[in-house]
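Presented below is the structure to which this report refers.
Throughout, read-outs are computed from the coordinates displayed, never taken from laboratory work. In this text, all values refer to a predicted model and were calculated from it rather than measured experimentally. All Cβ positions, even for glycine, are placed from backbone atoms using ideal geometry, and neighbour counts span all protein chains on display.
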Amino acid sequence: MINIKQQLASLVTGYPVEEVEGLLSDIEDNSLGDYALPCFKFAKQQRLSPNIIAQQIASSIQPNVLIDKVCSVGGYCNFYLNKQYVTTQIVSQVVCQSDYGNSSLGQGKTICIDYSSINIAKPFHIGHLGTTAIGSCLYKVYKALGYNVVGINHLGDWGTQFGKLIVAYNKWSDKETILKGGLRALQDIYVRFHVEAEKDDSLNDQAREWFARIEQGDKSANELFNFFKDITLCEVKKLYQRLNVTFDSWNGESFYNNLMPDAIKFLEEKNIVTTSDGARVVDLSAYNMPPCLLVKSDGASLYATRDITAIMYRKATYDFYKCLYVVAYQQNLHFKQVFKVIELAGLPYADSLVHVAYGMVSLEEGSMSTRKGNTVWLEDVLNRAVDKARSIIEDKNPELPNKAEIAEQVGVGAVIFSALCNSRIKDITFSFDRVLSFEGETAPYLQYTHARCCSIFEKAGMSYYARCAHDHSVYDNVESVELAKLINKFPQVLVEVGQRYEPSILSCYLIDLAKSFNKYYLSQKMLCEDLGKQNARLDLAKSVQITLNKGLTLLGIACPTKM
Ligand code: ARG
């Protein structure tokens, strides 16, 4: 990355370079210059008017290779960049980099990310899209920033529902049916259990008994439990593959069973646990929160107990610098309570725990029939998006090779992008037509722009690679320098995504980049007789393609070269 602000700051004499660099800001309207330096602070220090300071600074700087001119306007010093020089500097750096945007910012630091964290034998539904897409994007971005990252799928694999499932399975199903029907077959018998248990309460007693048998390590109970788990994992792993999502750990809630007694003992020793109605709790009334339940009166542990145990385990195992939880905002209170308990226990890493909350994804009314209740399976949404993408391709570009593969990349990409393009805390309503549009702020638009770059290179053929001549005078226009400045921002965009746990900063950036390139593309003749000019323009297009490719990859979206 070229640090333009730093280069400008070093031209300003008499003031600390770092301070000047921090004050410089982008100017939206480029007829007024590229960067502005507000002089109010300096004026105050010297008891002079900002205008006078701005004039002093402006007149002390001679035009040079970096800037065409400096003007003072209303207490600001406005810098006009030398378009050709700046564009050349940026482009020549980007085209020769293999991993543009990567840095060593996070060297030596480990970040744990708890995301997706689905529940065994329950639907992998549209509600998991947010956590899966946001968590996976953060995972990839932190890796690019040089952190050591541990992706954790904290499986929901513990609880009385497994007792219910065993009862239902024994009564109304068998191995073959489940092997064939997978997760949906499990869901069917689970739903049936609740219907039947309404009429016959003894089923609930049987379920409790079976769950107790799982807890006590009974062989046949655990065989079934593991069978349900295998069925679920086998199915969700296919989905994760389609979504380009990976994990380093699949330690779910049941993993912490053996570790919980020690964790509880630790909290007891810190004297923060009290008894309330026979349950062991941490009183949080001083913090305006309900108590955090650790052990129920019947001795059973809770969701929070397992999270508290998992935090201690993760710290001991990974020595994280931060541990993130990408979980819907509905669980705000849960995480506030859990983090508070860690703090009250005097554990110094309480403030490195972060709940990365996000809003709900719902489908537009009537856009998909929901089988049984309100469950919209993520797999159905992906398939539907891929089908639609396929028919759009059939329509627009029937000659395209690998149509099926591209339809998969476009359809799945569109769904992922829909979860990443808005500020994560916002609730979103998903519309197939909108996310698959090739115009507007969508993944297909980004993929299409990427493919457009690739097709330009293909058309240029060998001449592009004959890098003998590069006539950089073609960069001497607003479109070029605007595009180059945007490309130059990419590494900083990734840093901000990491700082604010906000993938939408990257999605919005890529949309801006694609728009800027398409504007450039319309204003310039990419392929021309003059190879020197053509090569220089192609280099700018190459920088765009490199950045789009890297950005889309970090979002988890594929980048076809043809569309
Ligand atoms: N399985 C939970 C659910 O679907 C999410 C788990 C989030 N992670 C955690 N460590 N609590 O609601």
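Quick check on the chain: take the gyration tensor over C-alpha atoms, sort the square-rooted eigenvalues as a ≥ b ≥ c, and tell me if it's rounded (a/c under 1.5), prolate or oblate. Intermediate results must be reported in sequence, preceding the final value.
Working: a/c = 2.94, a/b = 1.61, b/c = 1.83.
The shape class here is oblate.
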List the lysines whose alpha-carbon lies under 21 Å from that of residue 489, not counting same-chain residues fewer than 8 positions away?
5, 83, 140, 143, 515, 519, 542, 550
Contour minus Cα-Cα distance for residue 69 and residue 29 (0.36 nm per residue)
12.8 nm
Share, in percent, of DSSP beta bridges within region 234-385 that are antiparallel, nearest 5:
55
Give me 110, 442, 429, 309 ranked fewest to most by other Cβ atoms within 10 Å of their Cβ, as a rough exposure proxy.
429, 110, 442, 309
Which FRET efficiency value, to the nearest 0.05, do you get for residue 529 and residue 246 by plugging their Cβ-Cβ distance into 1/(1 + (r/R0)^6) with R0 = 41 Å?
0.30
In terms of the charge dipole of the chain, which places +1 on Lys and Arg and -1 on Asp and Glu at the beta carbon, the residue among 186, 516, 332 farthest towards the positive end is 516
Quick one: what are the phi-derived ³J(HN,Hα) couplings along region 489-497, Karplus 6.51/-1.76/1.60 with θ = phi - 60°, whole Hz, x for glycine and proline?
7, 3, x, 5, 4, 5, 4, 5, 4
Please compute the length gained on full extension between residue 46 and residue 96, using 0.36 nm multiplied by the number of residues separating them and subtracting their Cα-Cα distance.
13.4 nm
Electrostatic dipole magnitude of the chain [Cβ: Lys, Arg +1; Asp, Glu -1; Cα centre; debye, to 20]
620
Please check which bits of region 238-252 a label hung off residue 400 would reach, taking the label as a point 7 Å along Cα-to-C-beta and the cut-off as backbone N under 19 Å.
242-244
Just rank 171, 5, fewest to most, by other beta-carbon atoms within 10 angstrom.
171, 5
Give me the percent of DSSP beta bridges within the chain that run antiparallel, rounded to the nearest 5.
50
Taking only Cα atoms, what is the 0 to 90° angle, nearest 10, from helix 403-420's long axis to the longest principal axis of the chain?
90
Which whole-number percent is the relative contact order of region 113-247 (Cα, under 8 Å, 6+ apart)?
32
Between residue 429 and residues 5 or more places away or on another chain, which pairs have amide H atoms under 5 Å apart, with H built 1.01 Å from N, and which residues are they?
362
Quick one: which residues, 5+ away or cross-chain, put their amide H under 5 Å from the amide H of residue 67? H built at 1.01 Å from N.
82
DSSP bridge orientation in region 14-169 - percent antiparallel, rounded to nearest 5
65
Calculated from backbone phi, Karplus (6.51, -1.76, 1.60) coupling profile of region 318-333 in Hz, x at Gly/Pro
10, 6, 5, 8, 9, 10, 9, 10, 8, 9, 3, 5, 4, 9, 3, 5
From the phi of every residue in region 162-179, what ³J(HN,Hα) in whole Hz does the Karplus formula 6.51 cos²θ - 1.76 cosθ + 1.60 yield, where θ is phi - 60° and glycine or proline is x?
6, x, 4, 4, 5, 4, 4, 4, 4, 7, 10, 8, 7, 4, 4, 4, 6, 4
Residue farthest toward the positive end of the dipole of the chain, with Cβ of Lys/Arg at +1 and Asp/Glu at -1: which of 43, 81, 432?
81
Using only alpha carbon pairs under 8 Å that are at least six residues apart, calculate the relative contact order of the chain and give it in whole percent.
16
Could you compute the longest span of the chain free of GluC sites (Glu not before Pro) located in DSSP loops and having at most 13 other Cβ atoms within 10 Å, not counting the site residues?
29-363
